[in-house]
Amino acid sequence: MTSADLRPAPVPRNRTDPPALLGRDSAAAYRGLIADVAGRIAERFATVDRPWTGAAPAALAPAVAAVDLDRPLESFDAAFEEVGGLYLDDAVWFHHPRYLAHLNCPVALPAVAAETVLAAVNTSVDTWDQSAGGTLIEQRLIDWTAQRIGLGPDADGVFTSGGTQSNLHALLLARDEAVEAVLLKHRIETGTPMRGVEVLPRLRFFASPHSHFSVVKAARLLGLGEDAVVTVPADDWFRLNPAALDAAIETCREQGNVPAAVVATAGTTDFGSVDPLGPIAEIAAAHRVWLHVDAAYGCGLLVSLEHRGLLEGIGSADSVTVDYHKSFFQPVSSSALLVRDRASLRHVTHHADYLNPAEGALPNQVDKSLQTTRRFDALKLWMTLRTLGPDAIGAMFDRVCALADEAWDWLANDPRFEVAAPPSQLSTVLFRLAGADDDTHRRAREALAASGEGMVAATRVEGRIALKLTLLNPETVLDDVVPVLEALARHGKTVQEQA
C-alpha cells in the first residue's frame, strides 16, 4: 500500500465556482468583496444613533443556536445578511459619543486600513521566514516605545494579545529571575544545589488593591497561588503607598519569603490612578526586586503633550505593559511587553528544530513571545504613527483627560449626584445618584442601556456600587455626556418611585 492509497479521492471543483481562497486568481473577487463589505459597514457607521440596543442574552441566543453550521447558505450576501441580524444589529458601537462604559476606544482610520492588509497577507510574526519586513517593523516599534519609556539601550520586547498576557509574561520573567537568584545564593552559601520548585512557595508579588485582576490571575497561572500576591495599601487617591510597600517587603523577608516583583500601575481601571512611580522604583531598586509597571491604560501618557510628567520614574522599570488598543486608539488586539534587559526574555525562549533552531542567526520574534503563531498587529500602530504622528495621538488622549475633569466638576455641582472618588489623573469619573442604594444604581444603569440613551460602567468603591464614566473618545464633549447623566437621574428616580 502506498501513501496515495491512503488519501481520499479529490473532490472535483467546477472552474465556474466562485473562488473560496484569496490568491492570484481571486484578486478581482477580493476587491469587489472588500469594497462591498466596506460600503455596508460605512452605512452602519453613518446611521448608528445609539451605542447599543440593550439586547439581553435570552433575546439573541435562540437565533444563534438555530443556525445549522453544517449547511452553508447560498452566497456571501446571504451570510452577511444573517450576521447582520445575529451580530451587527445589536453590536456595541464604541465610536458613539454616548458610549461611556469600558476601556474601549474608537479606532484610528489608518489602523483599520492596516487591518485589511494584515488580514489579507496573513503574516505570522514568529520567524523571519514567515514575516521578514514584518519582523523589522514590529521590532522598530518596540524600540520606539522603549525609547519613549526610557528603558535604555538594552531594552527589548514583543507585541502581545493584550494587557493580561503582557502582565503574565512580565511576572513569569520576574518569577524566574527571582528563582535563579535564590538558587545561585544557596549554591554559593552551602555548596549544594537546590531545586527551583522548592523556591516557588516562598515567592511574593506586591501590588495595590486597585491593580488589575490579571496580577492575581498570573500568580495562579504561574503556580504560585493567589496568596502569593501581597496587597499593599493605597492612599486617598487610590495610589500605591510607597512607605507601606517598603514595610511589606521588609516583612516578607523577615518571614523567610522572597520578594519577586513589585507591580505598579499607571492608570488603574476604575480610578485612572497613576502610582508614584519614582518613589516605588527607588524602593524596588533598594530591595533588588523586579519592578513591573502596568501602563495598559496610561500608556497614552507616553505621547501626551500635557501630562507626560505623570510617568516620571517609569524608565526605571524592569518591565512595562502598554495597550495601544486603549489610549493609542488601535483596534484590538494591539499590546506589548517591554523589558529593560533583553536577556531576561530568555525565560520564554524554546528552540524547535523545525522553527527556530538554536544555531539560527536570523531575528525570530518567537524567541521572545509566549505565542507562536501571532498576527502582525504592529502594522496598525505603524500606519497610525506614519499617518497621524505621535503628537496627534497624544492630543487626543489629552482631550479625554480634560473631558473627565469637566464631567467631574459637573457632577460635583449637581445635587442629584455625588462624586464617589477624587478627580481622576486620567479619564475615568466615579459617581453615584444621591441617596440611592445599590439596587437603584443597578436598575438605573440597566434601564439606561436598554433605552439606548447611553452606556456607563459600574464598580464598587468602599463596598458600595458606584457608576463610572470611562472616557476614551476624543470626539465626545460634555454636551454628549450630560444627556446620559440626565437620563440616569430620570431612570433612578423612576426606580425609586416604583420601589
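The values are calculated or read from the model by the stated rules, or taken from the named source; none is laboratory data. Keep in mind it's a predicted model, so treat the numbers as computed, not measured. A quick note on method: Cβ atoms are made from the backbone with ideal geometry, for glycine too, and the neighbour counts reach across all protein chains shown. With ligands, DNA and RNA removed, areas are computed over all heavy atoms of the protein, side chains included. Shrake-Rupley method; radii C 1.70, N 1.55, O 1.52, S 1.80 Å.
Among the residues of region 338-362, the one identified as open to solvent by less than 10 Å² (accessible area, probe 1.4 Å) and among the hydroxyl-bearing types (Ser, Thr, Tyr) is 344. Within region 479-493, being open to solvent by 10 Å² or more (accessible area, probe 1.4 Å) and in contact with a strand residue (DSSP E or B) (Cβ under 7 Å, 6 or more places away or on another chain) holds for one residue alone: 489.
Within region 345-368, how many residues turn out to be among the aliphatic types (A, V, I, L, M) and in contact (Cβ under 8 Å) with a residue 24 or more places away in the chain?
Residues that pass the stated criteria total 5.
A quick yes/no check of all residues on (1) under 22 Å from residue 382 (Cα atoms); (2) of a type outside the set (Phe, Trp, Tyr); (3) outside any loop (DSSP other than H, G, I, E, B); (4) open to solvent by 40 Å² or more (accessible area, probe 1.4 Å):
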| site | (1), (2), (3), (4) |
| --- | --- |
| 130 | yes, yes, yes, yes |
| 140 | yes, yes, yes, yes |
| 159 | yes, no, yes, no |
| 175 | no, yes, yes, yes |
| 180 | no, yes, yes, yes |
| 184 | no, yes, yes, yes |
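Residue pairs whose Cβ atoms lie under 7 Å apart, separated by 6 or more positions or on different chains, with the first residue in region 325-344 and in contact (Cβ under 8 Å) with a residue 12 or more places away in the chain and closer than 19 Å to residue 116 by Cβ and the second in a strand (DSSP E or B) and among the hydroxyl-bearing types (Ser, Thr, Tyr), are 325/335.
Results for (1) under 22 Å from residue 381 (Cβ atoms); (2) surrounded by fewer than 17 Cβ atoms within 10 Å (Cβ to Cβ); (3) in contact with a Phe, Trp or Tyr (Cβ under 7 Å, 6 or more places away or on another chain), shown as yes or no for each residue.
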{"position": "276", "(1), (2), (3)": "no, no, no"}
{"position": "288", "(1), (2), (3)": "no, yes, no"}
{"position": "298", "(1), (2), (3)": "yes, no, no"}
{"position": "301", "(1), (2), (3)": "yes, no, no"}
{"position": "309", "(1), (2), (3)": "no, yes, no"}
{"position": "329", "(1), (2), (3)": "yes, no, no"}
{"position": "336", "(1), (2), (3)": "yes, no, yes"}
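Determine whether region 191-199 contains at least one residue that is open to solvent by 60 Å² or more (accessible area, probe 1.4 Å), in a helix (DSSP H, G or I) and of a type in the set (A, V, I, L, M). Yes; the residues of region 191-199 include at least one that is open to solvent by 60 Å² or more (accessible area, probe 1.4 Å), in a helix (DSSP H, G or I) and of a type in the set (A, V, I, L, M).
Would you check if residue 498 is open to solvent by 30 Å² or more (accessible area, probe 1.4 Å), under 26 Å from the mean Cα position of the chain (by Cα) and of a type outside the set (Phe, Trp, Tyr)? Taking the combined requirement at face value, the residue does not satisfy it. Of all residues being within 26 Å of residue 30 (Cβ to Cβ) and crowded, with 20+ Cβ neighbours inside 10 Å in region 91-109, which is farthest from the chain's Cα centre (by Cα)? Just the residue, please. Within region 91-109, the match that is farthest from the chain's Cα centre (by Cα) is 108. Return yes or no: is residue 476 closer than 24 Å to residue 273 by Cα, polar (S, T, N, Q) and either out of contact with any Asp or Glu (no Cβ under 9 Å at 6 or more places or on another chain) or open to solvent by 40 Å² or more (accessible area, probe 1.4 Å) (or both)? Judged against the criteria, residue 476 is a match.
No other residue among 426, 403, 430 is within 24 Å of the chain's Cα centre (by Cα), farther than 14 Å from residue 481 by Cα and open to solvent by less than 10 Å² (accessible area, probe 1.4 Å) apart from 426.
Checking region 206-218 against the condition returns no match, with no residue being within 21 Å of residue 300 (Cβ to Cβ), of a type in the set (Ser, Thr, Tyr) and assigned to a strand (DSSP E or B).
Tell me yes or no: at least one residue of region 243-251 is within 30 Å of residue 467 (Cα to Cα) and open to solvent by 10 Å² or more (accessible area, probe 1.4 Å). Yes, that holds for at least one residue.
Name the one entry in 439, 377 that is among the charged types (D, E, K, R), crowded, with 19+ Cβ neighbours inside 10 Å and either farther than 29 Å from residue 159 by Cβ or in contact (Cβ under 8 Å) with a residue 60 or more places away in the chain (or both). Only one candidate passes the filter, namely 377. Here region 202-234 is the region considered, the condition is being open to solvent by 70 Å² or more (accessible area, probe 1.4 Å) and without any contact (Cβ under 8 Å) to a residue 24 or more places away in the chain, and the residue that is farthest from the chain's Cα centre (by Cα) is 227.
Residue by residue, here is whether (1) over 17 Å from the mean Cα position of the chain (by Cα); (2) modelled with pLDDT of 95 or more holds:
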| residue | (1), (2) |
| --- | --- |
| 128 | yes, yes |
| 132 | yes, yes |
| 135 | yes, yes |
| 153 | yes, yes |
| 159 | no, yes |
| 162 | no, yes |
| 174 | yes, yes |
| 184 | yes, no |
| 189 | yes, no |
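When the residues of region 54-83 are filtered to those that are in contact (Cβ under 8 Å) with a residue 40 or more places away in the chain and not in a loop (DSSP other than H, G, I, E, B), which remaining residue is farthest from residue 481 (Cα to Cα)? For region 54-83, the residue satisfying everything is 76.
The set of residues in region 474-495 that are polar (S, T, N, Q) and either under 12 Å from residue 99 (Cα atoms) or touching a Leu at 6+ places or on another chain (Cβ under 9 Å) (or both) contains only 476. Here residue 447 meets each of (1) of a type outside the set (Phe, Trp, Tyr); (2) open to solvent by 10 Å² or more (accessible area, probe 1.4 Å); (3) in contact with a Cys (Cβ under 7 Å, 6 or more places away or on another chain) with one exception, condition (3).
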